[in-house]
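Below is one structure, written out as structure tokens, with a few remarks after it.
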Amino acid sequence: MEFRYKQPVEIVFGAGARSRLASVMESRGYKRAVLVADGVFAKNGIADGICATAPVAAVFTEFGANPDITAAEKAASAVRSVNADCVVALGGGSAMDLGKFTALAAASDESARELFYGKLPDNGLPVIAMPATAGTGSEVTGVSVMSDAAHGVKKPLVSSAFFPAVAIVDPELTLTVPPSVTAASGLDAIAHALEAYWCRAHNPVSDALAQKALGLLFPALERVYRDGKDIAARTDMSLGALLAGMAFAPTRTAAVHACSYPLSEMYNLPHGEACAFTLDLFVRLNSECEAERMGALCNALGFSSPADMSDEIARLKRVTGMRRTLAAIGCDDALALAEECAAHPLMNNNPVALPAERLAAEFSQLK
Ligand SMILES: [Fe+2]
């Protein structure tokens with residue numbers, strides 16, 4: 001057996017951990033930050049609270065769900081204009097993606113557009129990531145998903161420079177996330193852990209992280225969906241999503257994420273819902289060739305079989321109102337969708353090869 005596992009991000013975890021920002025910055029010698037934050041935190045006082053206790057020189061909130069290079073250019077100018085030496089990213093995946101890209105752009109002579117289409121530099125300003133959803137794992141990955149909205153291009157950019165220096169994971173930041181986003185983010189995290197476990201590139205460290213993540217995420221997801229203020233369940237979700245992120249950061253994901261990109265591009269599904277769409281299906285399909293390992297995972301998690309785990313995911317999707325059929329997402333051409341899914345590069349990291357015809361037949365039977 002041979003493997004490599006690298007995880008360069010310092011992790012500060014706990015309810016209220018956001019108050020540690022100032023001491024984290026001081027310990028690393030960072031003098032002045034720009035805070036890239038979801039707009040909701042500017043309105044609800046959380047950003048003000050952070051600015052009152054840490055040396056934050058400016059707050060940038062001008063971006064949407066798909067952060068693009070125009071926003072990054074503006075944010076990078078804000079960083080340069082106050083001479084900041086680090087970027088703090090507070091929010092869901094969008095804020096963290098933009099924060100990471102901004103930190104690179106602010107330290108580069110090239111424009112955000114040139115960086116987006118060209119070769120990424122090896123380093124930028126340090127990022128402190130403060131996730132406010134439990135899902136993406138972006139706080140511990142070297143990926144930034146960015147868009148060029150003017151040309152309709154959206155792509156995940158991968159660079160070791162995108163690993164944050166520090167992740168401050170405070171479950172209290174997720175208390176106000178609405179139920180639908182909570183559910184979709186949580187199913188995304190479950191997908192990260194399962195895909196890290198069953199993908200071709202899996203290793204013993206990612207296996208262990210994935211199993212621990214799933215043990216936290218499965219029991220907590222319905223609880224946080226029904227009661228967003230349940231801090232114990234929110235804590236389990238934040239920790240589970242963090243561990244799932246650490247599991248898939250080096251292995252990448254597989255078929256579920258391969259399918260999620262066409263589902264989002266062709267049928268406009270949010271990322272978490274797009275992952276949930278095929279997750280229960282791939283638990284069954286991938287268990288056909290990974291029977292022993294999937295059996296061991298199910299055993300450890302209290303499922304009687306992969307079919308039992310698949311049923312539980314389907315139940316969670318029903319309970320949380322996810323769209324589950326081709327009709328529900330407005331798809332009347334299963335083969336066209338399946339061809340896009342089968343051609344996605346992440347499909348090569350799946351343990352089972354799935355031709356488009358087989359995928360189309362499986363998609364058509366989703367209920
Ligand atoms: Fe994901």
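Could you tell me which of rounded, prolate or oblate describes the stretch 1-143, using a ≥ b ≥ c as the square roots of the eigenvalues of the alpha-carbon gyration tensor, with rounded for a/c under 1.5 and, failing that, prolate when a/b is larger than b/c and oblate otherwise?
rounded
Arrange Val88, Val352, Val59 by Cβ neighbour counts within 10 Å, fewest through most, would you?
With the fewest neighbours first, Val88, Val352, Val59 line up as Val352, Val59, Val88.
Just to confirm a number: summing +1 for Lys and Arg and -1 for Asp and Glu over residues other than Ile168 whose beta-carbon lies under 14 angstrom from that of Ile168, what do you get?
-2
List, largest first, the extents of the alpha carbons of the stretch 178-364 along their principal axes, each in whole Å.
Ordered largest first, the stretch 178-364 gives principal extents of 43, 35, 29 Å.
Go through the stretch 42-48 residue by residue and turn each phi into a ³J(HN,Hα) via Karplus (6.51, -1.76, 1.60, θ = phi - 60°); whole Hz please, and just put x for glycine and proline.
Rounded to whole hertz, the list is 6, 7, 8, x, 5, 4, 4.
In deg cm²/dmol and to the nearest 500, what is the mean residue ellipticity at 222 nm of the chain if only DSSP H runs of at least 4 residues count, each as -39500 (n - 2.57), divided by the residue total?
-16500 deg cm²/dmol
If you take every DSSP beta bridge whose two residues both sit in the chain, what share of them, in percent to the nearest 5, is antiparallel?
20 percent
Mind checking which of Phe13, Pro262, Ala161 is farthest towards the positive end of the chain's charge dipole, using Cβ charges of +1 (Lys, Arg) and -1 (Asp, Glu) about the Cα centre?
Value computed over the given set: Phe13.
I need to check one value: relative contact order of the chain, counting alpha carbon pairs closer than 8 Å and at least 6 residues apart, in percent.
Once normalised by length, the contact order is 14 percent.
Among the Cys residues of the chain, which have no other cysteine Cβ under 4.7 angstrom away?
Cys51, Cys86, Cys199, Cys275, Cys289, Cys298, Cys331
Please name whichever of Val352, Met309, Ser364 sits farthest to the positive end of the charge dipole of the stretch 178-364, dipole taken about the Cα centre and charges placed at Cβ: Lys and Arg +1, Asp and Glu -1.
In the stretch 178-364, that residue is Met309.
Convert each backbone phi in the stretch 242-248 into a coupling constant with the Karplus relation 6.51 cos²θ - 1.76 cosθ + 1.60 (shift: θ = phi - 60°), then list the ³J(HN,Hα) values in order as whole Hz, x for Gly and Pro.
4, 5, 5, x, 5, 5, 8
Just how large is the dipole of the chain about the Cα centre, in debye to the nearest 20, putting +1 at every Lys and Arg Cβ and -1 at every Asp and Glu Cβ?
620 debye
Exposure proxy check: Met309, Met25 ranked by fewest other beta carbons within 10 Å?
Starting with the residue having the fewest Cβ neighbours, the order is Met25, Met309.
Please order Phe63, Phe277 by the number of other Cβ within 10 Å, starting at the fewest.
Phe63, Phe277
Give me a comma-separated list of calculated 3J(HN,Hα) values for the stretch 192-202, in order, Karplus coefficients 6.51, -1.76, 1.60 applied at θ = phi - 60°, integers in Hz, x for any Gly or Pro.
In residue order, the calculated couplings are 4, 5, 5, 6, 4, 6, 9, 5, 4, 8, 4 Hz.
Would you work out the relative contact order for the stretch 10-173, in percent, from Cα pairs under 8 angstrom that are 6 or more residues apart?
So the answer I get is 27 percent.
Among the lysines, which fall within straight-line cross-link reach of Lys31, defined as a Cα-Cα distance under 30 Å, with same-chain neighbours fewer than 8 residues apart omitted?
Candidates past the 8-residue exclusion: Lys6, Lys43, Lys74, Lys100, Lys119.
With Cβ to Cβ distances under 12 Å as the rule, what net charge do the other residues near Ser364 carry (K, R +1; D, E -1)?
Surrounding charge for Ser364 is -2.
Decide, for the stretch 192-276, between rounded, prolate and oblate: order the square roots of the alpha carbon gyration tensor eigenvalues as a ≥ b ≥ c, take rounded if a/c falls under 1.5, and otherwise choose prolate if a/b is larger than b/c, else oblate.
Oblate.
Compute, for the stretch 54-119, the length of the dipole vector about the Cα centre, with Cβ point charges of +1 (Lys, Arg) and -1 (Asp, Glu) only. Units Debye, rounded to 20.
60 debye
Readers should treat all values here as calculations from the given coordinates under stated rules, not as data from a laboratory. Because the structure is a prediction, the values reported are computed rather than measured. Neighbour counts are summed over all protein chains in view; Cβ atoms, including those assigned to glycine, are modelled from backbone coordinates with ideal geometry.
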